[in-house]
Amino acid sequence: MTKASKNKRIRHDRLLKIIETEPFLTDEEISKRLDVSIPTVRLDRLELGIRELRERIKEMARRTQEKVRALAGRDIVGELLDLDLNERGVAVFETTKEMTFERSDVVRGHFIYAFAESTAISVINADVALVGVANIKYKVPVNCGDKLVAKADVKRIRTNNFVVWVIVFRDRKEVFRGKFILITV
């Protein structure tokens, strides 16, 4: 085995591990982690049969949204990528110019709240779930074009009450956190 083919095999192994742990990284982000060019990442993805980012997200979202009971697909803000009912969930959300305040590039809070709330409701295994109480904190401003990731964890279940914590990240930095007490009917 030549040195070049050995390096390629090692790079392919690293690429597979990166995609497995963080499936919503762009080719540019992957190229920085692997210290190779973006075209090299694209060629490696093609060789390994790894879809491009948007296709990976669409497929994960399609499979995950089939599990959701409390919300219809069009009611979910963002895209669910991973879901274990009554345990945890992960969703992504891309902000747009229409979500920002007119005089700034800052995304209005109700869009971030709606993203976190729908993620919290999605993890509940019930036909109907409503927010009874929400304790939320905005940590840093979010700007147009930011890609957000929400991680929801069900912390406690008591009959028809669920305590769900949702943390929203941008580039692994926390921008929002919420503790939701959900009531099921």
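To the nearest 10 degrees, how steep is helix 109-122 against the longest Cα principal axis of the chain, on a 0 to 90 scale?
90 degrees
Could you work out how far helix 53-65 tilts from the main Cα principal axis of the chain, as a 0 to 90 degree angle to the nearest 10?
40 degrees
Within the chain, which is the longest segment that contains none of the trypsin sites (Lys or Arg not before Pro) sitting in a DSSP loop with at most 11 other Cβ atoms within 10 Å?
On the way: sites that count: Arg103, Arg172.
In short, 1-102.
Between Val131 and Arg103, what is the FRET efficiency for a Förster distance of 35 Å, r being their Cβ-Cβ separation, to the nearest 0.05? Provide the component values of the computation, followed by the final result.
Working: r = 30 Å, r/R0 = 0.86.
Efficiency, from the Cβ-Cβ distance: 0.70.
Out of the chymotrypsin sites (Phe, Trp or Tyr not before Pro) in the range 82-124, which ones are loop residues according to DSSP with at most 12 other C-beta atoms within 10 Å?
Details: sites: Phe93, Phe101, Phe111, Tyr113, Phe115; in loops: Phe101.
In loop regions of the range 82-124 (DSSP not H, G, I, E or B), the sparsely surrounded chymotrypsin sites (Phe, Trp or Tyr not before Pro) are Phe101.
In the set [x] 10.4; [y] 27.4; [z] 12.2, which value of mean projected area of the Cα convex hull in nm² was calculated from the structure you see?
Label [z] holds the value from this structure.
Can you work out the FRET efficiency for the pair Arg156 and Asp84, with r the C-beta to C-beta distance and R0 = 22 Å, to the nearest 0.05? Intermediate values should be presented prior to the final figure.
Values: r = 16 Å, r/R0 = 0.72.
Once rounded, the FRET efficiency stands at 0.90.
Calculated from DSSP H runs of 4 or more alone, at -39500 (n - 2.57) each and per residue, what is the 222 nm mean residue ellipticity of the chain, nearest 500? Display every interim value, and only then the final one.
Details: 5 runs with 65 residues, N = 185.
The helix-only estimate for the chain comes to -11000 deg cm²/dmol at 222 nm.
Computed from the coordinates by the stated procedures, all read-outs in this text should not be read as laboratory data. On a predicted model such as this, the values are computed, not experimentally measured, just so you know. Positions of Cβ are backbone-derived with ideal geometry, glycine not excepted, and every protein chain shown enters the neighbour counts.
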